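J.: Pasting in a structure now, in C-alpha cells, and then I'll have a few things to ask.
The values are calculated or read from the model by the stated rules, or taken from the named source; none is laboratory data. None of these values were measured; they are calculated from a predicted model. Here the Cβ positions follow ideal geometry from the backbone for every residue, glycine too, while neighbour counts run over all protein chains shown. Ligands, DNA and RNA are stripped out before the accessible areas are found, and what is left, the full protein with its side chains, is counted by its heavy atoms. Shrake-Rupley method; radii C 1.70, N 1.55, O 1.52, S 1.80 Å.
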Amino acid sequence: MFSMDGKVALVTGGSRGIGRAVCEALAARGAHVVVNYVSDERAATETVERIASGGGRAEPMRFDVGDPDAVEEAVTRLHQRLGRLDVLVNNAGIARDALLLRVRPEDVAATWRINVQGALWCCKAAIRLMIRARRGRVVNVSSVVGETGNVGQSVYAASKAALIGLTKALAREYASRGITVNCVAPGLIETDMTAALPEEAKGAMIAQTPLGRAGKPEEVAAAVLFLASDEAGYVTGQVLRVNGGMYV
C-alpha cells in the first residue's frame, strides 16, 4: 500500500521540517525525490544523505520557486534527466508575522511571492508534464490558519487561504487529465518555524487543540504520502486537516 516505486517526486522547501519529513516518507516508499532548496545547501544535502543512508534515492536541486523562469528551467531539466514527474509537493513557504497596522508592503510581496506565486509557478510547470502523461499528483501545503485566521498573521493566513482556492480550482481544471490536486492543512507542528514562537503563544495553540499536543512533521508527511499515492486516485480538491482537532 502507498507504493511510490518508479515515481519521481519534487518537494519544494524540502531541506527541513515538514519538507524533509515529506521527502523521507516518499523516498521510503520507493520514489526518487528531488529536494528543492533556495539557500540552505547544507540542510538539503543532509536530507539527501539521510534518505540515501536508508536505502532511498534523492538529489538536491536549487531554484527559487518565486522566479517563474527559474522554476520552468528547473522542471524542464528534471524531466530531461529523469524522464518523468509524477508528484509535486508545494511545501516552500515563509511567514512574516505582524498585526495589520504594522504590515509593510515588502512583507506582503515576499510572502505572496513564495507562498502563493511559488506554488502557482510550480503547478504550471509540473502540470504541463503531467498532462502529457495523463496522470499526476499535486499536494499543496497550506495551514490551519488559512481556514481559521490568527491574530498577527493576516498576511500569512491570507496566503495559505489562497493555496486552498488554488487547489480547488486546479482540481476542477485537470481532473479529466488524470491529475489530482489536494491540500494538507497542518496545525501546530514541531518545526524550526514554530520553535521560534513564544512559549505563551504555543501554549495557547496547544490549549485549543483537543489532542493536547503539537504535531510531528512525520504525521503531516503521512497525509501527503496518502494524497500522492495511487490509493488516493479518487480524492481531489480536498483539504486534509492534520491539526489535532484544532479546527474541524
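J.: Within the set of pairs 6+ apart or on separate chains, which have a first residue in segment 28-57 that is assigned to a helix (DSSP H, G or I), a second that is basic (K, R), and C-beta atoms under 8 Å apart?
T.: E41/R62; A43/R16; A43/R20; A44/R62; T47/R16; T47/R20; R50/R20; I51/R57
J.: Further question: Within segment 131-140, take every residue that is among the basic types (K, R) and over 13 Å from the mean Cα position of the chain (by Cα) and give me the one that is most open to solvent (accessible area, probe 1.4 Å).
T.: For segment 131-140, the residue satisfying everything is R132.
J.: Restricting the search to segment 1-58, which residues are farther than 25 Å from L129 by Cα and of a type in the set (S, T, N, Q)?
T.: Hits for segment 1-58 are S39, T45, T47, S53.
J.: Then there is this: Quick one: is S142 among the polar types (S, T, N, Q), under 20 Å from Q238 (Cα atoms), in contact (Cβ under 8 Å) with a residue 60 or more places away in the chain and in contact with a Phe, Trp or Tyr (Cβ under 7 Å, 6 or more places away or on another chain)?
T.: The answer is no for S142.
J.: Please specify each residue of segment 141-167 satisfying the condition of being crowded, with 17+ Cβ neighbours inside 10 Å, out of contact with any strand residue (DSSP E or B) (no Cβ under 7 Å at 6 or more places or on another chain) and assigned to a helix (DSSP H, G or I). Give the derivation first.
T.: Here is the first cut: in segment 141-167, the residues crowded, with 17+ Cβ neighbours inside 10 Å are 141-147, 153-164, 166-167.
If we keep only those that are out of contact with any strand residue (DSSP E or B) (no Cβ under 7 Å at 6 or more places or on another chain) as well, we get 153-162.
Selection gives S154, V155, Y156, A157, A158, S159, K160, A161, A162.
J.: Right, here's the next one. Please state which one of A169, A126 is more than 22 Å from G13 (Cα to Cα) and of a type in the set (G, A, S).
T.: Answer to the selection: A169.
J.: Here is a follow-up. Tell me the residue from L101, L129, L85, L78 that is assigned to a helix (DSSP H, G or I) and within 19 Å of Y174 (Cβ to Cβ), please.
T.: Values: L101 fails: within 19 Å of Y174 (Cβ to Cβ); L85 fails: assigned to a helix (DSSP H, G or I); L78 fails: within 19 Å of Y174 (Cβ to Cβ).
Residue meeting the stated conditions: L129.
J.: Name the residue that is nearest to I94 (Cα to Cα), counting only residues in segment 58-70 that are in contact with a Ser or Thr (Cβ under 9 Å, 6 or more places away or on another chain) and not in a loop (DSSP other than H, G, I, E, B).
T.: Among them, the one singled out is R62.
J.: From R62, R16, R77, grab the single residue that is open to solvent by 50 Å² or more (accessible area, probe 1.4 Å), within 19 Å of the chain's Cα centre (by Cα), over 24 Å from A185 (Cα atoms) and among the basic types (K, R).
T.: Every option except R62 fails the conditions.
J.: Please indicate, with yes or no, whether at least one residue in segment 88-99 is more than 18 Å from S159 (Cα to Cα), without any contact (Cβ under 8 Å) to a residue 40 or more places away in the chain and crowded, with 19+ Cβ neighbours inside 10 Å.
T.: No.
J.: When the residues of segment 91-130 are filtered to those that are at pLDDT 95 or above and of a type in the set (D, E), which remaining residue is farthest from the chain's Cα centre (by Cα)?
T.: Per the stated criteria, the residue is E106.
J.: For segment 19-55, which residues satisfy the criterion of being open to solvent by 30 Å² or more (accessible area, probe 1.4 Å) and aliphatic (A, V, I, L, M)?
T.: Result: A28, V38, A52.
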